[in-house]
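Beneath this line is the structure, given in structure tokens, with notes to follow.
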Amino acid sequence: MEIYNNKKRKPLTVYDRKTKKKLAYLENAYNISYTQQTNSVWAGSFTLPYSDFKKEYCLPFNLVEMWDIDAGGGDKYIGLFRIMPQVEQLNKDTHDSVYTLEHVLSTLMDSSIVGYQVWGGIGYENTQQVLNNILSYQNEEKWVLEECDYTNQFVYEFEDQNLLSALLSVPKMLTEDYYWEFNTQFFPWGLSLKKVSIIPVTDIRYKKNITGIRKRTDPRNICTRLYLYGKILEDGTKLNIKNLNNGLEYLDSIEGIANYGVITSIINDDRFENEQSLYDYGIALLNKLSQPSVTYELDIQTIYNAANLKIGDVVRVVTDNGIDQNLVVQEISKDDLTGAPNNGKIILGHGTVDIGVIMKSFI
């Protein structure tokens, strides 16, 4: 086994999917990889020699626990995954089995809300209660809600939808940046919907640490004029923001228009039934979309604290041209925990903007 920061990394452990009983340590696993992404199902993979008798434990849906090492040489828990596809590879020099892993959050796809259900709205269920309502539809209780930092009261409609899709859709209307946190070292597993902190856990000086940092600026999603529409009203019109916005159905970014001209986008989201909520959402979204998307990709070895970062952490980035901003850890990945345990990447970006609800309209 590789030595990483003078300490042995814990081997993969496989558990029975039904009983959660520990079956084996996979000491011979190699090409171990993982990818953690904000507000998404994490993924991983590993390879076993075809002759390894412990293959018999690596059955579909059995569980695999993965660990890494932090910057100080301590154990860093990555997560619990379930085994999905298996591919046997046969070539001139090797014969092995490759296993694809999905985070156990994906088990929520095994249960569904059958038929039509509506929750929320002013005076009704808030965000936390809606999440608990969704989890109540599990065929078997595998997940419980531990914490929820939000008490908003939006309207949510679900119809013939799996629970994972329903769960991940709930916070997309929030004006603040958020992330999901998982506790899978105990059963039933716990999940939490958390606000992104305003306090950075570390900082990067872009000029000083130029080696190992790649900055990407992407203008494709820029919007400087945003039209906002919610649910269809009784008179057949759509909820809009005119009453709160001097008779205008759109918001303008003055600075964005000065820099890039009028670039129009439209929000049509019938989950909004309240003018103020729609207006607040538009303000927060336009503030982020009126400038190019900027991301930083870091080699994990770039700064000492990089190996300690977690999804949802905030990092202060100070550039050589005086820009000082807080960015969120959106992705952490390693390609080979056994062969190259120190190599990996972290992607920092501007929060958790959901641009999937935007329809471009060129005027």
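The values are calculated or read from the model by the stated rules, or taken from the named source; none is laboratory data. What you are looking at is a predicted structure, and each value in this text was computed from that prediction instead of being measured. All Cβ positions, even for glycine, are placed from backbone atoms using ideal geometry, and neighbour counts span all protein chains on display. For accessibility, only protein heavy atoms count, side chains too; no ligands or nucleic acids. Shrake-Rupley method; radii C 1.70, N 1.55, O 1.52, S 1.80 Å.
Check GLY79 against each of (1) under 16 Å from LEU26 (Cβ atoms); (2) open to solvent by 40 Å² or more (accessible area, probe 1.4 Å); (3) touching a residue at least 24 places away in the same chain (Cβ under 8 Å) and name the one condition it does not meet.
The failed condition is (2).
Do you know which residues across the range 231-257 are modelled with pLDDT under 90, in a loop (DSSP other than H, G, I, E, B) and touching an Asp or Glu at 6+ places or on another chain (Cβ under 8 Å)?
LYS231
Go through (1) touching a His at 6+ places or on another chain (Cβ under 8 Å); (2) outside any strand (DSSP E or B) for ASN39 and report which single condition fails.
It fails just one condition, (1).
Does the range 58-67 include one or more residues that are under 30 Å from ALA306 (Cβ atoms) and open to solvent by 20 Å² or more (accessible area, probe 1.4 Å)?
Of the range 58-67, the ones under 30 Å from ALA306 (Cβ atoms) are 63-67.
So of that shortlist, the ones also open to solvent by 20 Å² or more (accessible area, probe 1.4 Å) come out as 65, 67.
Within the range 58-67, one or more residues are under 30 Å from ALA306 (Cβ atoms) and open to solvent by 20 Å² or more (accessible area, probe 1.4 Å).
Could you list all residues from the range 264-311 that are closer than 22 Å to ALA340 by Cα and open to solvent by 50 Å² or more (accessible area, probe 1.4 Å)?
The answer is GLU297, ASP299, GLN301, TYR304, ASN305, ASN308, LYS310.
Restricting to the range 126-141, name every residue that is touching a Leu at 6+ places or on another chain (Cβ under 8 Å) and open to solvent by less than 60 Å² (accessible area, probe 1.4 Å).
Passing the criteria: THR127, LEU131, ILE134, LEU135, GLN138.
Of all residues in the range 218-228, count the ones that are part of a strand (DSSP E or B), out of contact with any helix residue (DSSP H, G or I) (no Cβ under 8 Å at 6 or more places or on another chain) and either open to solvent by 80 Å² or more (accessible area, probe 1.4 Å) or free of Cβ contacts under 8 Å to residues at least 60 places away in the same chain (or both).
Summing the residues that are part of a strand (DSSP E or B), out of contact with any helix residue (DSSP H, G or I) (no Cβ under 8 Å at 6 or more places or on another chain) and either open to solvent by 80 Å² or more (accessible area, probe 1.4 Å) or free of Cβ contacts under 8 Å to residues at least 60 places away in the same chain (or both) in the range 218-228 gives 0.
Sort out which residues of the range 309-340 are under 21 Å from TYR34 (Cβ atoms) and either at pLDDT below 90 or among the hydrophobic types (A, V, I, L, M, F, W, C) (or both), and write them in order of number.
LEU309, ILE311, VAL315, VAL328, VAL329, ILE332, LEU337, THR338, GLY339, ALA340
From the set of residues in the range 205-216 that are assigned to a strand (DSSP E or B) and at pLDDT below 85, which is least open to solvent (accessible area, probe 1.4 Å)? It would help to see each step written out before you state the result.
Filtering the range 205-216 down to residues assigned to a strand (DSSP E or B) leaves 205, 213-216.
Then keep just the ones that are at pLDDT below 85; that gives 205, 213-215.
Numbers: ARG205: 88, ILE213: 15, ARG214: 106, LYS215: 83 Å².
Residue satisfying both the conditions and the ranking: ILE213.
Do you know which of the residues in the range 82-98 that are modelled with pLDDT under 95 and crowded, with 16+ Cβ neighbours inside 10 Å is farthest from TYR137 (Cα to Cα)?
For the range 82-98, the residue satisfying everything is ASP96.
What single numbered condition from (1) at pLDDT 90 or above; (2) assigned to a strand (DSSP E or B); (3) of a type outside the set (D, E, K, R); (4) more than 30 Å from LEU251 (Cα to Cα) fails to hold for LEU298?
Looking at each condition in turn, LEU298 falls short on (1).
Within the range 147-154, is there a residue that is surrounded by fewer than 15 Cβ atoms within 10 Å (Cβ to Cβ), of a type in the set (Ser, Thr, Tyr) and modelled with pLDDT under 85?
Initially, the range 147-154 is screened for residues surrounded by fewer than 15 Cβ atoms within 10 Å (Cβ to Cβ), giving 147, 151.
Right, trim to of a type in the set (Ser, Thr, Tyr) and you get 151.
Subsequent filtering for residues that are modelled with pLDDT under 85 retains none.
Within the range 147-154, not a single residue is surrounded by fewer than 15 Cβ atoms within 10 Å (Cβ to Cβ), of a type in the set (Ser, Thr, Tyr) and modelled with pLDDT under 85.
Taking the range 231-263 as the search range and keeping residues that are among the charged types (D, E, K, R) and over 23 Å from PRO219 (Cβ atoms), which one is most open to solvent (accessible area, probe 1.4 Å)?
GLU234
Given the criteria over 18 Å from PHE182 (Cβ atoms), under 19 Å from the mean Cα position of the chain (by Cα) and either assigned to a loop (DSSP other than H, G, I, E, B) or at pLDDT 95 or above (or both), does SER51 qualify?
So SER51 does not fit the description; no.
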